[in-house]
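The values are calculated or read from the model by the stated rules, or taken from the named source; none is laboratory data. For clarity, every value in this text was computed on a predicted model and none was experimentally measured. A quick note on method: Cβ atoms are made from the backbone with ideal geometry, for glycine too, and the neighbour counts reach across all protein chains shown.
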Amino acid sequence: MNQLAVRQSHFIYWASGIVSICGIIFEVLFGALGSYILGDGVKQYTLTISLFLTGMGIGASVSERVMKNLIVAFVYIEFLVALIGGFSSFAMFGITAFSPAGTDALFLYLITLSVGALTGVELPILIRKANEIGVSLNRSTARVLFSDYAGGLVGGLLFAFFLRPQLGMVKTAFLVGCINLAVAMTVLFLFRKEMKRFVVHLFVGIFIGILLILGLLFGEEMAFTFEQKLYKDPIIHMEETQYQKVIMTQNQDDVRLYLNGALQLSSIDEHRYHETLVHPTMEQANPIDDVLILGGGDGVAAKEVLKYKEVESITLVDLDPAVVELAKTNEKLLKLNEHALDNEKVTVVHQDGYNFLEETDRIFDVIIIDLPDPNDESLNKLYTKEFYALARNHMSLHGSMMIQATSPYFAPEAYWTISKTIESNDLNVENLHVDVPSFGNWGFVLASRQPIDLDQMTINVDTDYLTTDILSSLNKFGKDIDKKIIRNGEKVVIEPNTLIDPRLIQIYERSWEYY
């Protein structure tokens, strides 16, 4: 091969690696979009990966017909990937905000299939072109595939550890689209001598580049206005962390915190939630020297615990450092948590709650489990018999623990499944529920090795809602939300949720389907 052919063949291998990086980023980006907007991360990642791979198979099959003008075909495939993939996140937020329910899911799946199909056409074309230049078929196939697979690893790591946490989903899509376009334009110049209508192709690429750059500069701001439509009140803070999307809204005195679109607290009624979460278990345990809070990165549960002067230490375990940092610096949250996370008694650990319990050798008098609802596999493990067994093993003999357990009104079967799961670890349980206007009727499970008697408890700390009289009434459930669950005319047998049989996810999804 002459020097130009060598340079061309080398860039083909580089191009295969770069487009593979872009392809895997788009693939996981679509999964992240589905998880954030549509919910159930495992389901959405499963669907998007399956559709993307199916699209690649379709694309590979279609590529059999591309035998001429290989470079022109590759360039326009990259143009399409850049345009469709680049605008995917931006368009997804717009469709979610303005279109009927269900349209966003259909759009996401079509986009996933389309970009997958275009990605599937790329490699066969590059292999044929390398072979056409003069590289043997075996060598061209091996090298292109190596670049493709290695690029897949790089793309996945880039998205997980840099692109999503630093740029967010909208800018990431536009940036990756720009990279696809850059590959196409480089190929265009490198092979320009063998192309007809080079200037036309060049202007098409420049036009797409202008659109992508405008999207990169202004798309996130416009998407912010789309996302605002998804929330009742104006957004005052939004950030994409390594683990989730954090949003705060405010309407007059009502400040709300959302994680991945799910409401975590409202300033006007959080006291009802947190006082019920904290004080019954503090009254049940004796002593209450050492307290463990799993979740609760907003710091409000810690504030309630600090009302007890006897408490010597509070260990708060929250996975996301960004949430804790927000709670320690944002004036709205500081007003709610009263600087609790800066108290010398509080130690913050950034770790998965399950892993923390597996690794620590400490025993706690009080364990407060304030975690998001079990709407995906990663959260489901924190609602299993195995997890509650770990928690029990780290609870002192006369200790207690309280678990937020979703709504017994909206999701009664899910609530009673959580209760049954806790009880299956030879623990005494007491079921509580309270009306929280921003959430609705919300449920908790109090657990202890010792007998629990709400009538013997007294609330002796300063509260805005909970009193001794109210506490003794929180375990009364109406007939429509009690343990007797009827589905399709038959009584449902409540079984514990386990790691091997994660039944709670399906129960939870079914319960919340229409809310």
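Quick notes on this structure:
- Taking residues in the stretch 102-115 that are assigned by TED's automatic domain parsing to the domain that holds S89, and partners anywhere that are aromatic (F, W, Y), the pairs with Cβ atoms closer than 6 Å and at least 6 places apart or on different chains are T112/F30; T112/F52; V115/F26.
- From the list V115, V144, the one residue that fits, being surrounded by 22 or more Cβ atoms within 10 Å (Cβ to Cβ), of a type in the set (A, V, I, L, M, F, W, C) and modelled with pLDDT under 90, is V144.
- Residues in the stretch 200-219 that are closer than 12 Å to G177 by Cα, crowded, with 18+ Cβ neighbours inside 10 Å and under 28 Å from the mean Cα position of the chain (by Cα): L212, G215, L216.
- Being among the acidic types (D, E) and assigned to a loop (DSSP other than H, G, I, E, B) is a property that E509 lacks.
- Test: residue in the stretch 69-76 that is at pLDDT 90 or above and in the same structural domain as F174 (by TED's automatic domain parsing): yes
- Within the set N497, N475, N441, the sole residue that is within 24 Å of L277 (Cβ to Cβ) and in contact (Cβ under 8 Å) with a residue 60 or more places away in the chain turns out to be N497.
- Residue tally, condition of a type outside the set (G, A, S), touching a helix residue (DSSP H, G or I) at 6+ places or on another chain (Cβ under 6 Å) and assigned to a helix (DSSP H, G or I), over the stretch 334-348: 3
- If only residues of the stretch 388-412 that are assigned to a strand (DSSP E or B) and without any contact (Cβ under 8 Å) to a residue 60 or more places away in the chain are counted, the one that is surrounded by the fewest Cβ atoms within 10 Å (Cβ to Cβ) is L397.
- Consider the stretch 481-503 and keep the residues that are exposed (fewer than 10 other Cβ atoms within 10 Å of the Cβ) and at pLDDT 85 or above. The one that is nearest to E423 (Cα to Cα) is V493.
- Considering the stretch 190-199, and only residues there that are in a loop (DSSP other than H, G, I, E, B) and surrounded by 15 or more Cβ atoms within 10 Å (Cβ to Cβ), the residue that is modelled with the highest pLDDT turns out to be F191.
- Restricting the stretch 299-333 to residues that are outside any loop (DSSP other than H, G, I, E, B) and acidic (D, E), the residue that is farthest from L379 (Cα to Cα): E331
- Residue selected from the stretch 239-262 under the condition of a type in the set (A, V, I, L, M) and buried (at least 17 other Cβ atoms within 10 Å of the Cβ), by the criterion farthest from G31 (Cα to Cα): V255
- Scan of the stretch 349-387 for residues that are surrounded by 19 or more Cβ atoms within 10 Å (Cβ to Cβ), in a strand (DSSP E or B) and among the aliphatic types (A, V, I, L, M), ordered by number: V366, I367, I368, I369
- Within the stretch 448-506, the set of residues being of a type in the set (S, T, Y) and under 24 Å from Q284 (Cβ atoms) comprises S448, T458, T463, Y465, T467, T468, S472, S473.
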